[in-house]
Amino acid sequence: MSAMRAGVERRKLLDKLFVVLGLLVLFAALAVLLTLFLDLVRQGAPRLNLDFVTSYASRKPEQAGILAAWVGTSLIMVVTACVAMPVGVAAAIYLEEYAPRNWITAVIEINVTNLAGVPSIIYGLLALGLFVYKFSLGQSILAAGLTLALLILPIVIVATREAVRAVPRPIREAAYALGATRWEVTAHHVLPYSMGGVLTGMIIGLSRAIGETAPIITIGALSFIAFLPESLLDPFTAMPIQMFNWVSRPDPGFRVNAAAAGAILLGMTLLMNGIAIWLRYRFRKRMNW
Amino acid sequence: MKLTSTVTVAALLAAGLGVAPRDAAAQQTIKLDGSSTVFPISEAVAEEFQIAKRGKVRVTVGISGTGGGFKKFCRGEIDIADASRPISKSEMDVCARAGIQYIELPVAYDALTVAVNPRNTWVDTLTVAELKKMWEPAAQGKVTTWKAVNPKWPAQPLKLFGPGADSGTFDYFTEATVGKAKSSRGDFTASEDDNVLVQCVESDVNALAYFGYAYYAPNATKMKAVKIVNSKGQAVGPSPQGVLDGSYEPLSRPIFIYVSTASAQRAEVKEFVEFYLSKGAPLVEEVKYVPLAKHAYDLALRNFRAGKAGTAFGGRNEVGLTVEELLAREGRF
């Protein structure tokens with residue numbers, strides 16, 4: 001009897017140890033992020049003001065700002081989201097709800113997973129040949145947005161499939177029993193219920209895309225631009241490019257700017273994540289199974 | 001249903017941005033691209049020019065490196081190429097095949113600075129022969145201590161730092177010291193980021209590095225610039241004065257812009273280049289490069305107005321050529 005109790009005690013202790021370990025890992029990760037963010041804020045503090053986000057780049061570090069860069073980044077993200085979301089979700093739904101189980105589907109699935117591991121510079125080179133020259137989009141916001149959409153497509157597809165798969169089978173069956181077509185089941189039930197997961201995948205993808213430098217340098221992002229784009233075919237610069245440029249400048253004043261821009265870029269990412277969490281919460285509230 | 005409408009709205013929004021009415025006539029864009037060495041100057045001129053034109057003309061400046069800039073230039077994608085060295089033979093051929101002609105204009109000097117740690121007590125001056133001994137390909141694996149370069153110096157390790165092989169600075173330095181462009185030992189620490197070179201020299205007593213004067217000037221208190229013995233036997237440190245009077249040689253070099261003759265027909269490009277050559281000098285100084293002499297700018301301006309096309313170099317770099325000489329030469333393609 002006492003031997004059994006000792007065993008129980010030991011297992012409970014293990015359980016607690018695992019919780020402590022998990023918390024430790026979590027805090028370590030958060031501490032790294034927080035240190036990084038606070039360090040950027042501390043270094044960039046003198047430049048973190050309204051002027052910085054409303055002025056263009058300049059040769060004078062104390063007058064230089066990130067207006068063209070953050071507008072460029074935001075527009076690229078809009079294009080990326082508008083392309084990656086419908087294409088990614090459609091692909092995922094096809095694979096999950098429609099595709100027959102055969103070798104073609106298997107090949108597609110393997111390739112989607114593999115695409116997620118392709119280095120981003122390869123996407124940049126592909127886009128340079130395809131979007132910039134073949135489709136004559138030029139070195140434009142549209143080309144950059146499409147490139148990053150390609151880059152995050154596998155992430156969106158995989159996340160959407162997971163979300164769609166999590167919708168309980170009986171919900172589909174109940175709808176079919178009432179005579180709904182496959183499209184009606186998907187559009188009225190499966191998709192709305194999986195929206196939270198889809199959005200999470202989308203935001204993970206966009207958070208990756210927003211910091212990408214290599215592919216947009218490859219397709220020709222500019223370093224100095226002192227006007228705002230009027231169309232999606234205009235030339236552009238983006239936050240990571242602006243930071244990269246400032247870090248490599250001789251004048252130490254530019255490093256303060258780079259830190260401030262880094263803090264704002266991190267802030268933009270956190271804001272995106274915040275919106276996603278809020279949206280997910282709203283979608284979940286509307287679910288009434 | 002909600003989902004489809006969100007997507008539609010987003011798509012419409014994107015499309016709306018794309019077809020937003022634009023006043024093409026009032027908004028001409030001048031495109032520059034190329035060397036990161038020339039970038040700060042072009043950026044400063046572009047900034048001031050746009051202010052002077054009250055936003056009527058748009059100027060963009062990219063950084064693709066001198067070679068990358070010429071590639072775009074010879075494809076006709078940009079109006080002006082920023083170059084930290086003259087156009088090469090193969091680039092001339094590509095441009096010729098594409099039917100692109102250019103006006104070569106020196107816009108400033110850069111003084112390559114050889115720097116050591118401030119605690120380095122043994123080196124104040126270096127001869128070109130000593131630099132060659134340190135950097136030539138034959139030194140690889142053999143010249144590894146300061147003593148090996150000059151017996152009077154201590155037997156401490158010689159740690160060399162320099163820009164990477166894609167840089168125009170590397171091309172010029174090897175040409176000026178070893179005697180052949182791109183001919184250098186391979187066992188030095190290379191970095192494309194000059195700030196890294198600066199930090200290495202600041203922290204290592206045995207270090208020696210070279211980079212553009214603009215990277216030395218703001219860090220002058222944290223490192224020691226080595227005086228270089230010129231062809232007249234004088235030891236001269238890097239300074240705007242030494243560059244202008246020609247005594248800091250062979251490590252001072254002109255840097256260029258190449259203007260496409262087709263683009264130069266456009267009024268706004270013409271105005272921009274004239275602005276560059278007539279109002280550029282104080283801006284050049286501000287970003288820590290050395291402006292040309294007044295009469296050299298005038299000469300360049302005259303060449304530009306006369307449409308004097310071609311390169312004075314014929315595809316290979318020459319050390320010690322003065323700006324006046326190169327502006328007076330016949331252009332070649």
Inset, instruction - Might you list the cysteines of the protein assembly as shown that have no disulfide-compatible partner by the rule of another cysteine's Cβ under 4.7 Å? - result: A:Cys82, B:Cys200
Inset, instruction - Starting from the Cα coordinates of region B:52-101, work out the convex hull volume and express it per residue in Å³. - result: 95 Å³
Legend entry - Prolate/oblate/rounded label for region A:2-47 (Cα gyration tensor, a/c 1.5): prolate
Inset, instruction - Please state, rounded to one decimal and in Å, the Kirkwood hydrodynamic radius that region B:191-333 gives when every pair of distinct Cα atoms enters the mean of 1/r. - result: 17.3 Å
Inset, instruction - Of the DSSP beta bridges with both residues in the protein assembly as shown, give the percent that are antiparallel, rounding to the nearest 5. - result: 65 percent
Inset, instruction - Just reorder B:Ile63, A:Ile275 by solvent-accessible area, largest first, 1.4 Å probe, all chains present. - result: A:Ile275, B:Ile63
Legend entry - Residue-level accessible surface for B:Lys224, protein heavy atoms, 1.4 Å, Å²: 50 Å²
Legend entry - B:Asp166 accessible area, assembled protein chains, probe 1.4 Å, Å²: 140 Å²
Inset, instruction - With everything on Cα atoms, drop me the angle between helix B:39-52 and the longest principal axis of chain B, reported from 0 to 90° to the nearest 10. - result: 40 degrees
Inset, instruction - Using a 1.4 Å probe and ignoring any ligands, DNA or RNA, find the accessible area of A:Trp70 and quote it in Å² to the nearest 10. - result: 90 Å²
Legend entry - Volume in Å³ per residue [convex hull over Cα atoms, computed for the protein assembly as shown]: 232 Å³
Inset, instruction - With label points built 7 Å along Cα→Cβ from the Cα atoms of A:Ala174 and B:Lys142, find their separation and express it in nm. - result: 8.6 nm
Inset, instruction - At most 12 other Cβ atoms within 10 Å and a DSSP loop assignment: could you name the trypsin sites (Lys or Arg not before Pro) in region B:137-169 that fit? - result: B:Lys142, B:Lys152
Inset, instruction - Measure nothing fancy, just the Cα-based angle from helix B:267-286's long axis to the longest principal axis of chain B, in degrees from 0 to 90, nearest 10. - result: 30 degrees
Inset, instruction - Name the residues whose placed amide hydrogens come within less than 5 Å of the amide hydrogen of B:Leu126, ignoring near sequence neighbours (fewer than 5 apart) on the same chain. - result: B:Lys227, B:Ile228, B:Val229
Legend entry - Within region B:113-244, percent of DSSP bridges classed antiparallel, to nearest 5: 55 percent
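For chain A, go through all pairs of different Cα atoms, get the mean of 1/r, take its inverse, and jot down that Kirkwood value in Å.
Here the Kirkwood hydrodynamic radius works out to 21.9 Å.
Can you give the Rg/Rh ratio of region A:151-289, where Rg is from the C-alpha atoms and Rh is the Kirkwood radius?
For region A:151-289, the value is 1.16.
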Inset, instruction - Between beta-carbons, use under 13 Å as the cut-off and find the net charge around A:Val247, counting Lys and Arg +1, Asp and Glu -1. - result: -2
Legend entry - Local electrostatic count, B:Asp298, Cβ distance below 12 Å [Lys/Arg +1, Asp/Glu -1]: +1
Legend entry - Net +/- balance of residues flanking B:Val116 in space, Cβ distance below 14 Å, scoring K and R +1, D and E -1: +1
Inset, instruction - Would you mind computing, in nm to one decimal, how far apart the modelled labels at A:Leu21 and A:Ile275 are, each placed 7 Å from Cα along Cα→Cβ? - result: 3.9 nm
Inset, instruction - Sort B:His295, A:His189 from largest to smallest accessible area, using a 1.4 Å probe on the heavy atoms of the protein chains. - result: B:His295, A:His189
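Going by a ≥ b ≥ c, the root eigenvalues of the Cα gyration tensor, does region B:113-244 fall in the rounded group (a/c under 1.5), the prolate group (a/b larger than b/c) or the oblate group? Don't jump to the answer; show the numbers that get you there.
Details: a/c = 1.13, a/b = 1.08, b/c = 1.05.
It comes out rounded by the Cα gyration axes.
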Legend entry - Net dipole in debye of the protein assembly as shown [+1 Lys, Arg Cβ; -1 Asp, Glu Cβ; about Cα centre; nearest 20]: 1520 debye
Legend entry - When each of B:Lys71/B:Lys182; B:Lys147/B:Lys227; B:Lys71/B:Lys227 is checked by Cα-Cα distance, pairs over 25 Å: B:Lys71/B:Lys227
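The values are calculated or read from the model by the stated rules, or taken from the named source; none is laboratory data. Predicted, not measured: the structure shown is a model, and the values here were computed from it. Don't worry about glycine lacking a Cβ; one is built from the backbone with ideal geometry, like all the others, and counts go over all protein chains shown. Just the protein is used for accessible areas: all its heavy atoms, side chains included, with ligands, DNA and RNA removed. Shrake-Rupley method; radii C 1.70, N 1.55, O 1.52, S 1.80 Å.
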